[in-house]
1. Provide 141, 93 in ascending order of the number of other Cβ atoms located within 10 Å of each residue's Cβ, fewest first.
2. For residue 84 and residue 258, what does the FRET efficiency come to when R0 = 45 Å and r is the distance between their Cβ atoms, rounded to the nearest 0.05?
3. Taking 7 Å along the Cα-to-C-beta vector as the label spot, tell me the residue 25-residue 91 distance in nanometres, rounded to one decimal.
4. Extending each Cα 7 Å along its Cβ direction at residue 124 and residue 101, get the distance between those two points in nm, one decimal.
5. If only Cα atoms are counted, what is the Rg of the chain, and what is its Dmax, in Å?
6. Label points 7 Å out from Cα along the Cβ direction at residue 65 and residue 12: separation in nm?
7. Given a Förster distance of 25 Å, report the FRET efficiency between residue 244 and residue 150 from their Cβ-Cβ distance, rounded to the nearest 0.05.
8. Helix-only mean residue ellipticity at 222 nm, the chain, DSSP H runs n ≥ 4 weighted -39,500 (n - 2.57), per residue, nearest 500. What is it?
Ligand SMILES: [Zn+2]
């Protein structure tokens, strides 16, 4: 499932093909994904010049002359790029758009993805509730946001008003790398622990973005998929494997918190 690094990878893949170009064709294969598409969606976007592709949390923001086109990949959304004259409709291609001589198809088998359109400058209010990006949040701010809740640390970190862009995978990885228990009550974290946690979250995300970028380059030459691939994780989905923490003799376990899998090591993630 796409989280911040995968969405960042998709944004970086779209930018060189879309920025500065005009959307000359926009086709909807259905009337919505998770939500119904906005009215006159295609009509409003056709003819718009794309200025900038941005990311906020797990959202892709495509800025054009008059609009911000908001996109969320949901659970299974991918964007496939091909030459305009070679594009063939695939199963689950729900939205197709053409920019110069390139065709993009939003493919989403599970249809948890989302798209919306906002008049330029009106989007901020909608995304204001979201916490700052991991790369931008101040330690004091992050610490205060963790102090506000008695929920387990794992659950708190998934909350987009505590920190933006994290999902199940990178929360598990960040907690493991910090030696922090996913069950620890969020408001009991010490500032020194919050500092280590934030540094490790940034480290985990940066490494994923780096490898995502690398895989994107390889992938693109084969079939033009602006997607993401499953990285090799240290703890996520590693149930039963030995813990990779230096000198730790523990085994990775799986538990369920708020309906989501938590992977952790009981031995080195005690506190
Ligand atoms: Zn361990």
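Every number here is computed from the coordinates shown, using simple stated rules; none is lab data. All values derive from a computational prediction rather than experimental measurement. Cβ coordinates were reconstructed from backbone atoms using ideal geometry, including for glycine residues, and neighbour counts include every protein chain displayed.
1. Fewest to most other Cβ atoms nearby, the residues stand as 141, 93.
2. My answer for the efficiency is 0.55.
3. Label at residue 25, label at residue 91, 2.4 nm between them.
4. The modelled label-to-label distance comes out at 4.0 nm.
5. 19.9, 60
6. Each label point lies 7 Å from its Cα, and together they span 3.2 nm.
7. On the way: r = 31 Å, r/R0 = 1.23.
Once the sixth-power term is evaluated, E becomes 0.20.
8. Per the formula, -9500 deg cm²/dmol.
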